[in-house]
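Okay, handing you the structure first.
The values are calculated or read from the model by the stated rules, or taken from the named source; none is laboratory data. Note that this is a predicted model, so its numbers are computed, not measured. Note that we place each Cβ from the backbone using ideal geometry, even for glycine, and neighbour counts take in every protein chain shown.
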Amino acid sequence: MTKLGVNIDHCATLRQARYRFSDAEKVVVEPDIMEAARLAESGGADSITAHLREDRRHMQDSDMFALRRGISGKLNMEMACNEDVISVALKVLPDYVCLVPENRQEVTTEGGLDLRANEAKAESAVARLSAAGIRCSMFIDPDISQVELARKIGANTVELHTGAYANAWRNPSERAVQLGRLKAAAERAAELGLTVNSGHGINYENVCQLLETFAFDELNIGHTIVSKALSVGMKAAVEEMKRLIAGVGK
Ligand code: PXP
């Protein structure tokens, strides 16, 4: 069955909105990132995903170390190809790293990493992270040339960007085009021996059609789960997504 990685960045976004300049020893800092991660795991999350940004505006280095120590499943660390963040990853030693593009103005990651423009940097990062035993994934747009470059630079996983599919949800013909792109890119990646994940903009409504198109190894989902958690709690929100994933193909 397709695994579920739960991205808990938005919990850190909420915490930083209030407590960015606070001394955690003196005040009650909330929400608690570790509690969110543990509840996601209790709801069935196979991995926990967190993005350590260059400017540390959401997750902090200390969160990554705490997650590494405190969760029982896999830790997926998202990050840019940036020396400072690579050095933190080499100390945290997550199970996976997912290399993403970063733009300081964006609220969330808006497009895939362009491996053509970043080939040398990405290749060097993959070599160093892989040597430390970390599996390396590339967050790329669903383009066959990007998939082939991911293989060429030594990545073992790709995460295909599903944002265009999600944005086309209410437009059936455009949705079909985007599903076709995802299917072609995913099949090429599988043919090359890569593990094929996907993420971005996946929600309770669009997840099943995505999985009917290709049996991804893992989906990384954040926004919709954290949003639902506001009304039903994190554990129930993750359980509901797991039920949908389990139902595909039955
Ligand atoms: N995968 C990657 C690489 C991401 O950067 C993000 C967050 O933008 C996600 C998955 C989760 O996306 P969403 O929050 O839209 O579910």
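Condition first: more than 16 Å from the ligand (Cβ to nearest atom) and either of a type outside the set (A, V, I, L, M, F, W, C) or in a helix (DSSP H, G or I) (or both). Now tell me which residues in segment 222-249 satisfy that.
Scanning segment 222-249 gives Ser231, Val232, Gly233, Lys235, Ala236, Glu239, Arg243, Ala246, Gly247, Gly249.
On to the next question. Look through segment 7-19, keep the residues that are away from the ligand (no atom under 15 Å from the Cβ) and without any contact (Cβ under 8 Å) to a residue 24 or more places away in the chain, and return whichever of them is nearest to Met234 (Cα to Cα).
Result: Arg15.
Could I ask something else about it? Within segment 157-168, can one find any residue that is surrounded by 14 or more Cβ atoms within 10 Å (Cβ to Cβ) and on the phi > 0 side of the Ramachandran plot?
There is no residue in segment 157-168 that is surrounded by 14 or more Cβ atoms within 10 Å (Cβ to Cβ) and on the phi > 0 side of the Ramachandran plot.
Now for a separate question. I'd like the full set of residues that are of a type in the set (S, T, N, Q) and under 13 Å from Val226 (Cα atoms), limited to segment 21-50.
The answer is Thr49, and nothing else.
Does Lys3 satisfy being modelled with pLDDT under 95 and not acidic (Asp, Glu)?
Spelling it out, it is not the case that Lys3 is modelled with pLDDT under 95 and not acidic (Asp, Glu).
Could you say whether any residue in segment 129-136 is away from the ligand (no atom under 16 Å from the Cβ) and either free of Cβ contacts under 8 Å to residues at least 40 places away in the same chain or closer than 21 Å to Pro31 by Cβ (or both)?
yes
Cβ contacts < 6 Å: first residue on the phi > 0 side of the Ramachandran plot, restricted to segment 234-250; second residue in a helix (DSSP H, G or I) and at pLDDT below 95, any location; separation 6+ or different chain. Result?
Listed by first residue and then by second, the contacts come to nothing, as the list is empty.
Take Gly73 and tell me if it is loosely packed, with under 14 Cβ neighbours inside 10 Å and either of a type outside the set (Asp, Glu) or without any contact (Cβ under 8 Å) to a residue 24 or more places away in the chain (or both).
no
For segment 42-70, which residues satisfy the criterion of being touching a residue at least 60 places away in the same chain (Cβ under 8 Å), away from the ligand (no atom under 16 Å from the Cβ) and surrounded by 15 or more Cβ atoms within 10 Å (Cβ to Cβ)?
The answer is Gly44, and nothing else.
Additional query: Looking at the structure I just gave you, is Asp23 more than 25 Å from Leu244 (Cβ to Cβ), surrounded by 13 or more Cβ atoms within 10 Å (Cβ to Cβ), over 18 Å from the mean Cα position of the chain (by Cα) and more than 16 Å from the ligand (Cβ to nearest atom)?
No.
Would you be able to say whether some residue in segment 100-118 is among the basic types (Lys, Arg) and part of a loop (DSSP other than H, G, I, E, B)?
Yes, segment 100-118 contains at least one residue that is among the basic types (Lys, Arg) and part of a loop (DSSP other than H, G, I, E, B).
Pairs, please: C-beta under 6 Å, at least 6 apart or cross-chain, first residue of a type in the set (Lys, Arg) and in segment 183-200, second in a helix (DSSP H, G or I) and modelled with pLDDT of 95 or more?
Lys183/Thr213; Arg188/Ile144; Arg188/Val147
Residue by residue through segment 193-206, note down the ones that are within 16 Å of the ligand (Cβ to nearest atom) and either buried (at least 23 other Cβ atoms within 10 Å of the Cβ) or part of a loop (DSSP other than H, G, I, E, B) (or both).
Leu194, Val196, Asn197, Ser198, Gly199, His200, Gly201, Ile202, Asn203, Tyr204, Glu205, Asn206
Another question about this same structure. Which one is farthest from Ile221 (Cα to Cα), of the residues in segment 157-192 that are more than 16 Å from the ligand (Cβ to nearest atom) and part of a loop (DSSP other than H, G, I, E, B)?
Leu192
Is it fair to say Arg56 is part of a loop (DSSP other than H, G, I, E, B) and out of contact with any Cys (no Cβ under 6 Å at 6 or more places or on another chain)?
Taking the combined requirement at face value, the residue satisfies it.
Can you report the number of residues in segment 207-221 which are within 14 Å of the ligand (Cβ to nearest atom) and either in contact with a His (Cβ under 6 Å, 6 or more places away or on another chain) or part of a helix (DSSP H, G or I) (or both)?
2
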